[in-house]
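Values in this text are rule-based calculations from the coordinates and carry no lab data. Predicted, not measured: the structure shown is a model, and the values here were computed from it. All Cβ positions, even for glycine, are placed from backbone atoms using ideal geometry, and neighbour counts span all protein chains on display.
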Amino acid sequence: MSDAVLDRIAVADARELESPAQRALRRLFKRKGAVVGMVVIATFIVLALFAPLLVPYDPVATSWTLVRKAPSSLHWFGTDDLGRDVFARVVYGARASLAAGVISVGIALSIGVPFGVLSGYRGGFVDSLISRITDAMLACPFLILAIALAAFLGPSLGNAMIAIGITTTPVFVRLTRGQVMSVKVEDYVEAARAMGNPPWRIALFHILPNVMPALLVQATLSIAAAIIAEAALSFLGLGQQPPAPSWGSMLNSAQRFLTTAPWMAVWPGLAIFLVVLSFNLVGDGLRDALDPRER
């Protein structure tokens, strides 16, 4: 055999020895869009975590001598209507947006997945009840329901996270239910049932692990939607409260100065665009990487 054929055989053997996680990661890193998205997300995470070390200005410190100054070597992104450094506020605002996205989706997963598993595996009256409640919540527009819940709970970042999490829950209930109904009729589940495993063990150890890839993809896409929702709530005054920085509240302040100080709106808007686009790119890459039909 030629060296090229031997090399291909060696590569094929190495891939046969890969675990499913290693195989999925290898497929994921082959997708340039997903890699770019992960780099952008990692950059914003680093900026958010190490903001006090990276930003020389206090994001809430005002200065009447620096009101609406254009970008310069001292203030890279310019200053806002109260003389606060826009770069500092964008970096610190990443904390609120990323936390809102992750925590909101975490709330939705912790509520939606158990109810989805129960509905899909149990069936009958339980399935009908959970499905009708889910349908009723999905009938309301996502953002309208989030605004209503946030207004009811009170304006704060924590309440905004709860409102977004509850509003996102029906998506995970519906997805988990459909995946469980598809998986529970597989041969390995029937074999586990024939061996005498109790229903809770079958659901937790045989069904749930096999529906996690779809949930992981949906969670990544839902984080992007949650970041937009948090920005919208903050824009309306129902999220992060001033003077704490938030991309949505920065856009609210900037709307009055779009002609005289456009940089006040450009940078927080660009930050939202980049982070949301990056999460969507990663979600698309995960969907392709976790597809069992992918070769």
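Quick notes
- Size descriptors for the stretch 152-295 (Cα atoms only): Rg and Dmax, in that order, 20.9, 73 Å.
- Gyration tensor (alpha-carbon) shape descriptor, the chain, a/c threshold 1.5: oblate
- 0 to 90° range, to nearest 10: angle between helix 142-153 axis and the chain longest Cα axis: 70
- Computed [θ] at 222 nm, deg cm²/dmol, the chain (DSSP H ≥ 4; -39,500 (n - 2.57); rounded to nearest 500): -24000 deg cm²/dmol
- The chain: most fluctuating residue of S131, S182, S234 per GNM, C-alpha cutoff 10 Å: S182
- The stretch 87-138-the stretch 212-277 distance, computed between alpha-carbon centres (Å): 20
- GNM top mover of G93, G269, G124 - the chain, alpha-carbon springs below 10 Å: G124
- Charge dipole (debye, nearest 20) of the stretch 79-289; +1 at Cβ of Lys and Arg, -1 at Cβ of Asp and Glu: 300
- Förster radius 22 Å - calculated FRET efficiency between I45 and L270 (Cβ-Cβ, nearest 0.05): 0.80
- Gaussian network model of the chain, springs between alpha carbon atoms under 10 Å - residue of G101, G112, G154 with greatest fluctuation: G154
- Calculated FRET value between V35 and R68, using beta carbons and R₀ = 35 Å, to 0.05: 0.40
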